[in-house]
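The values are calculated or read from the model by the stated rules, or taken from the named source; none is laboratory data. All values reported here derive from a predicted model rather than from experimental measurement. Neighbour counts are summed over all protein chains in view; Cβ atoms, including those assigned to glycine, are modelled from backbone coordinates with ideal geometry. Ligands, DNA and RNA are excluded from the accessible area calculation, which covers all protein heavy atoms including side chains. Shrake-Rupley method; radii C 1.70, N 1.55, O 1.52, S 1.80 Å.
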Amino acid sequence: MPAKELNKPCMDCKNAEFELIVRQRQLCSSCFRRFIAHKVQSRLSVYRAFGLDGPRNQLLLPVSFGVSSSVLLHILYADRQARLSNGRPLGYDFHILVIEPSTVAATGSPFDKNYKALQKNFPMPAITRIPFYSIFDYVPEMQEIMKEYGGPQFTDDSSRSNGERLAAFRASISTATSKTDIDTILLTRLVAEFAKKSGCESVIWGDSDSRLAAKALAGVAKGRGASLTWQVSDGISPWGVRFEYPLRDLFKAELLQYESVCAELSDIIVPDQPPSDNVLTKNLSIDELMLRYVQNQGAKYPGVMANVARTANKLNPSTSGSAPTCALCAGLLGNVTGNSGVTVANQAEDNHSSQFCYGCMRSRPGELC
Ligand SMILES: [Zn+2]
Ligand SMILES: [Zn+2]
């Protein structure tokens with residue numbers, strides 16, 4: 001029974017005007033949200049362990065105020081609320097972690113408004129905000145790593161604040177690619193250590209298919225092929241917590257569409273800076289270049305880019321319990337065999353380099369590659 005006269009009905013419910021086109025289907029906003037949420041929930045179904053005493057699995061969701069992680073938060077929260085309101089078991093629960101963005105990119109004022117909006121619109125029992133420099137608290141060996149990794153070019157002054165010490169270390173790294181590379185490693189490490197300390201068994205990252213494809217391509221270019229297994233595939237990370245990428249079946253453009261039909265996200269999300277043609281390509285990091293490339297090409301050939309991330313997800317970790325690993329990124333040292341064997345032997349030029357992998361050595365202060 002057609003409830004109302006519709007000009008262009010939604011192809012799913014046929015009960016509302018269509019608002020969006022996704023994968024050649026014209027959908028209303030609620031059918032669209034259901035379609036996207038289903039793609040995410042099916043990725044996380046393994047965590048739905050039902051216990052009488054509440055959810056067994058605690059997941060950690062890092063939110064950067066970017067589109068992808070905020071959309072993931074919206075999807076998980078909506079599912080949680082729906083389950084609570086109709087008495088269905090949760091299966092898993094999640095903890096939100098915000099690493100204050102102003103302590104990552106020196107943007108000046110803290111993102112208090114965004115954080116308050118997050119607390120107001122998604123009132124979860126567990127939301128934590130920490131600064132990037134709290135890595136000194138969560139990774140006790142950070143001081144030692146900085147000293148070894150920084151080499152003779154870098155001196156750590158432990159009388160300064162942790163914020164200043166981390167800033168000095170990051171400033172000692174010379175190129176845009178290396179800076180982004182080291183920041184990513186430190187952030188990943190901080191999130192993993194936080195997850196362990198707060199009893200979460202998995203981290204659910206908000207990387208879209210486009211982002212994962214860019215990470216796979218950039219990782220190989222940076223000599224980090226061996227760590228692709230946990231940077232782009234679902235599975236155990238070297239820090240003992242699992243990493244999951246539940247947005248892997250969704251393109252960035254689809255997450256932007258989702259954002260456009262969720263008013264609750266508008267005060268939280270910090271929009272991406274539009275790519276400026278004035279920025280010299282040589283000043284962009286490989287990660288940024290690859291992301292631009294994947295987004296441009298993905299708009300034309302989405303299947304090709306989906307294939308990059310899908311193929312990388314099939315890589316098996318080079319597990320070898322006793323093999324020495326990099327003190328900074330936990331990638332394997334030395335020759336790596338198997339399907340992730342992009343990392344090459346690390347020629348120990350000095351005492352410092354022997355504990356860092358090839359990828360990390362390339363980003364070291366003073367290295368200009
Ligand atoms: Zn509909
Ligand atoms: Zn490394």
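Hey, what do the phi angles of region 257-265 turn into as Karplus ³J(HN,Hα) couplings, whole Hz, using 6.51/-1.76/1.60 and θ = phi - 60°, x for Gly and Pro?
Values per residue, Gly and Pro as x: 4, 4, 4, 5, 10, 10, 4, 4, 8 Hz.
Quickly rank 184-192, 209-217, 128-136 as a protection proxy: mean count of other C-beta atoms within 10 Å, highest first.
So the peptides 184-192, 209-217, 128-136, ranked by packing, come out 209-217, 184-192, 128-136.
Taking 8 Å as the Cα distance limit and 6 or more residues as the minimum spacing, I'd like the relative contact order of the chain as a percentage.
19 percent
In percent, what relative contact order does region 1-47 have, based on Cα pairs under 8 Å that are 6 or more apart in sequence?
23 percent
Sorted by packing (mean other beta-carbon atoms within 10 Å per residue), highest first, where do 227-234, 168-175, 40-47 land?
227-234, 168-175, 40-47
How much accessible area per residue does the chain have, in Å², with a 1.4 Å probe?
Accessible area per residue: 48 Å².
Could you list which residues have their amide H under 5 Å from that of Leu59, counting only those 5 or more apart in sequence or on another chain, with H placed in the peptide plane?
Result for Leu59 returns Asp93, Phe94, His95.
What would the Debye formula give as log10 I(q)/I(0) at q = 0.25, 0.27, 0.29, 0.30 Å⁻¹ for the alpha-carbon point model of region 1-47, no solvent?
-0.83, -0.90, -0.98, -1.02
When the chain is fully extended, how far beyond the present Cα-Cα distance does Val104 get from His38, taking 0.36 nm per residue of separation?
20.5 nm
Is the shape of region 148-248 best called rounded, prolate or oblate, per the rule: a/c under 1.5 gives rounded, else a/b larger than b/c gives prolate, else oblate, with a ≥ b ≥ c the square roots of the Cα gyration tensor eigenvalues?
oblate
Accessible area of region 1-47 with a 1.4 Å probe: how many percent of it is carbon plus sulfur?
Using a 1.4 Å probe with all protein chains present, region 1-47 comes out at 50 percent carbon and sulfur.
Divide by every residue of the chain the summed helix terms, -39500 (n - 2.57) for each DSSP H run of at least 4, and state the resulting mean residue ellipticity at 222 nm, rounded to the nearest 500 deg cm²/dmol.
When only DSSP H runs of four or more count, the value is -12500 deg cm²/dmol.
For helix 302-312, report the angle its Cα long axis makes with the longest principal axis of the Cα atoms of the chain; keep it between 0 and 90° and round to the nearest 10°.
That helix lies at roughly 50 degrees to the long axis.
At 1.4 Å probe size, with no ligands or nucleic acids counted, give the accessible surface of Cys28 in Å², nearest ten.
10 Å²
With angles folded into 0 to 90 degrees, how steeply does helix 67-85 sit against the dominant principal axis of the chain? Use alpha carbons for both and round to 10.
On a 0 to 90 degree scale, this one is about 50.
Rolling a 1.4 angstrom probe over the protein chains, ignoring ligands and nucleic acids, what is the accessible area of Ser158 in square angstrom, nearest 10?
Counting only protein heavy atoms, the figure is 80 Å².
On the Cα set of region 78-162, report Rg and Dmax in Å, please.
18.8, 61
So if each residue of separation counts as 0.36 nm, and I subtract the Cα-Cα distance between Ser30 and Ala263, what length gain in nm does that give?
The span from Ser30 to Ala263 would gain 82.6 nm if fully extended.
Round to the nearest 10 and give me the degree value, 0 to 90, for the angle of helix 286-300's Cα axis relative to the longest principal axis of the chain.
Relative to the chain, helix 286-300 is tipped by roughly 30 degrees.
Let me spell out the model: positive unit charges on the Cβ of Lys and Arg, negative unit charges on the Cβ of Asp and Glu, origin at the Cα centre of the chain. What dipole size does that give, in debye rounded to 20?
The dipole of the chain has a size of about 1020 debye.
Would you mind listing how long the chain runs along its three principal axes, going by Cα atoms, in whole Å with the largest first?
78, 46, 43
Between Ser85 and Ala253, how many nm apart are label points set 7 Å from Cα along the C-beta direction?
3.3 nm
Between exposed GluC sites (Glu not before Pro) in the chain, where DSSP calls loop and at most 13 other Cβ atoms lie within 10 Å, what's the longest gap?
The segment 142-348 is the longest one with no such site.
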